[in-house]
1. Report yes if residue 174 is of a type in the set (Phe, Trp, Tyr), out of contact with any His (no Cβ under 9 Å at 6 or more places or on another chain) and outside the structural domain of residue 215 (by TED's automatic domain parsing), otherwise no.
2. Here is a check on your reading of the model: is residue 162 under 19 Å from the mean Cα position of the chain (by Cα), within 12 Å of the ligand (Cβ to nearest atom) and aliphatic (A, V, I, L, M)?
3. Name, by its number, the condition in (1) within 29 Å of residue 10 (Cβ to Cβ); (2) out of contact with any helix residue (DSSP H, G or I) (no Cβ under 8 Å at 6 or more places or on another chain); (3) more than 16 Å from the ligand (Cβ to nearest atom) that does not hold for residue 135.
4. If I ask for residues that are within 10 Å of the ligand (Cβ to nearest atom) and either of a type in the set (A, V, I, L, M) or in a strand (DSSP E or B) (or both), which ones from region 216-260 would you list?
5. If residue 298 meets every condition in (1) open to solvent by 50 Å² or more (accessible area, probe 1.4 Å); (2) under 13 Å from residue 219 (Cβ atoms) apart from one, which number is that one?
6. Do the conditions hold for residue 167, that is, is it touching a residue at least 24 places away in the same chain (Cβ under 8 Å), surrounded by fewer than 24 Cβ atoms within 10 Å (Cβ to Cβ) and closer than 25 Å to residue 95 by Cα?
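The values are calculated or read from the model by the stated rules, or taken from the named source; none is laboratory data. Predicted, not measured: the structure shown is a model, and the values here were computed from it. Note that each Cβ is placed from the backbone with ideal geometry, even for glycine, and that neighbours are counted across all protein chains shown. Remember, those area values only see protein heavy atoms, side chains included, never the ligands or the DNA or RNA. Shrake-Rupley method; radii C 1.70, N 1.55, O 1.52, S 1.80 Å.
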Amino acid sequence: MTIISVPTDFNEEDLYVDLRRIVQHSLFLKCEGFNFAGSIKLKAATEMVEAAEWIGVLKPGSILVESSSGNLGAALSLIAASKGYGFLCVTDSRCNLSARRFMEAMGSRVHIISEPAADGGLLGARIAHVQALCASDDRYVWLNQYTNTDNWKAHYRTTAPAIARRFPQLDVLFIGAGTTGTLMGCARYFRTLQRQVRIVAVDSAGSVTFGGRPGRRMIPGLGTSVRPALLDESYVHEVVHVEEPDTIRACHRLARRGFLFGGSTGTVVSGATQWLSRHEDQDLTAVAIAPDLGERYLDTIYQTNWLHDLYGEDVLNPDELATDLTA
Ligand SMILES: Cc1ncc(COP(=O)(O)O)c(C=O)c1O
């Protein structure tokens with residue numbers, strides 16, 4: 001039995017889904033969405049808040065302010081509510097309505113930016129808004145997930161050791177890249193361990209993180225329009241880019257087997273599957289990190305009108321999705 005009195009005290013760290021029957025490759029999916037914030041961002045949020053308290057930047061009366069596409073915002077809302085801080089989330093029009101409602105239910109405020117900056121897109125405009133707020137009132141504390149090293153340290157301390165413990169023979173680890181906190185924390189940990197683990201970053205097509213050209217991205221979570229300051233590419237062995245229709249197909253394929261995951265997970269699973277298809281000749285122990293669950297995407301990725309409007313009527317091929325339970 002687990003009994004807790006603060007929401008951050010619970011996080012399922014040891015759940016993996018064996019995806020062999022769904023993706024036809026040996027792939028274990030580490031589920032990071034089973035906590036009260038519903039995503040992996042609870043780890044980064046907790047680490048950043050505790051470090052800011054420790055150095056005295058965050059104190060009674062402080063108001064946290066952060067730019068987030070939804071999931072870090074949800075995590076900070078929960079922490080702020082449980083510790084008695086204010087929280088203001090600066091997001092953009094791609095933020096899911098359910099993520100916004102989650103934050104507001106916990107007493108947080110949400111500012112939505114809809115005009116991209118000339119240089120830096122919507123993310124650039126969000127950051128400019130956060131900076132203006134901080135300049136206007138010294139109660140605001142911006143932890144800045146894009147530059148805060150406690151973001152990646154959370155994964156160096158928790159996510160990566162948990163995987164290393166369960167998979168001593170790990171060959172390849174697939175990690176989605178947003179701020180690159182998860183990626184850099186895990187990559188640094190495996191480098192320190194001196195284990196021959198291939199680190200494969202999974203990014204959305206249209207993201208500039210690894211130097212690609214900016215393009216339309218409608219699914220929040222992974223990808224950036226400004227290169228993340230935390231990224232050190234020397235730790236990353238390979239990068240796979242995933243088109244949004246492939247993310248959507250991966251999400252629906254998992255859902256048809258009873259696993260409702262979010263957009264970031266669909267992207268990581270699609271990227272991992274593509275990569276494993278190119279390395280079929282090798283017998284590999286492969287793990288992918290699933291950052292989120294699917295409930296927050298019921299009005300987008302799992303909603304037919306939204307899908308057809310953005311990606312056309314053929315985005316989901318019924319034959320491809322059909323459940324073959326004999327596989
Ligand atoms: C659901 C979800 N998955 C993945 C990520 C990216 O993780 P990271 O910021 O550690 O790269 C984010 C970032 O906001 C996210 O919200």
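1. Numbers: of a type in the set (Phe, Trp, Tyr): yes; out of contact with any His (no Cβ under 9 Å at 6 or more places or on another chain): yes; outside the structural domain of residue 215 (by TED's automatic domain parsing): no.
No: the conditions fail for residue 174.
2. no
3. It fails just one condition, (1).
4. 219, 222, 230, 231
5. So residue 298 meets the others, but not (2).
6. Against the criterion (touching a residue at least 24 places away in the same chain (Cβ under 8 Å), surrounded by fewer than 24 Cβ atoms within 10 Å (Cβ to Cβ) and closer than 25 Å to residue 95 by Cα), residue 167 does not qualify.
Conditions tested, residue by residue: (1) within 28 Å of residue 225 (Cβ to Cβ); (2) hydroxyl-bearing (Ser, Thr, Tyr).
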residue: 24; (1), (2): no, no
residue: 41; (1), (2): yes, no
residue: 52; (1), (2): yes, no
residue: 60; (1), (2): no, no
residue: 98; (1), (2): yes, yes
residue: 104; (1), (2): yes, no
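Table: residues versus (1) more than 14 Å from residue 179 (Cβ to Cβ); (2) crowded, with 21+ Cβ neighbours inside 10 Å; (3) free of Cβ contacts under 8 Å to residues at least 60 places away in the same chain.
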| site | (1), (2), (3) |
| --- | --- |
| 94 | yes, no, no |
| 109 | yes, no, yes |
| 112 | yes, no, yes |
| 115 | yes, no, yes |
| 133 | yes, no, no |
| 149 | no, no, no |
